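Notes follow the structure.
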Amino acid sequence: MDRLMRGTKVAMLVTDVGFLVYWASTIAGLIPPELAYKDYTNPILSDWNFSFLVLDVAASVTGLLSLRRPETGRALMLVSLTLTSVAGLQAIAFWTLRGDFELTWWLPNLALLLFPLPAILVLTRSVRPDPAPTPPRRPVPRPVRRGFLRCQGD
């Protein structure tokens with residue numbers, strides 16, 4: 001399990017830094033649009049590509065913070081890995097719906113979808129919520145039994 005988590009942390013670091021470098025380069029115009037997304041003349045695909053910006057940056061920020069802060073690292077790592085996997089799934093679903101099966105787009109997105117899954121399973125299986133303190137038990141008052149047809153003078 002330690003090997004899995006060490007490997008996951010390395011993959012997270014590479015992915016998270018890669019996301020940030022990709023988006024900074026794309027926004028700065030350092031990556032030509034034809035390399036950033038397929039059919040760069042189509043404004044819908046350009047918008048589709050940029051729809052990942054917030055998701056990818058959120059995955060990167062939570063991932064990098066998880067690697068720096070051991071006290072909150074597990075929760076942040078779970079969030080980051082989930083967001084990364086969702087980004088890969090979203091891209092794969094899109095290309096599947098379009099019937100486009102080009103390996104240069106599928107392989108990186110399959111990697112984003114799949115590499116987080118084993119660590120997500122480990123992190124969710126090892127999370128045990130703190131048991132809530134049980135309040136002290138008070139004796140329950142018993143109802144007073146009264147006769148069914150009792151009269152006041154009896």
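Where a number appears in this text, it was derived from the coordinates with a stated rule and is not lab data. It should be emphasised that the depicted structure is a prediction, and the values quoted were computed from it without experimental measurement. With ideal geometry, Cβ positions are generated from the backbone for all residues, glycine too; neighbour counts draw on all protein chains shown.
Quick notes on this structure:
- Per-residue Cβ neighbour rank within 10 angstrom, fewest leading, PHE94, PHE101, PHE19, PHE115: PHE101, PHE94, PHE115, PHE19
- Working value for region 2-125: equivalent-ellipsoid semi-axes of 27, 16, 11 Å, each the square root of 5 times a Cα gyration tensor eigenvalue, largest first.
- Pairs of Cα atoms nearer than 8 Å and 6+ residues apart set the relative contact order; for region 75-120 it is 57 percent.
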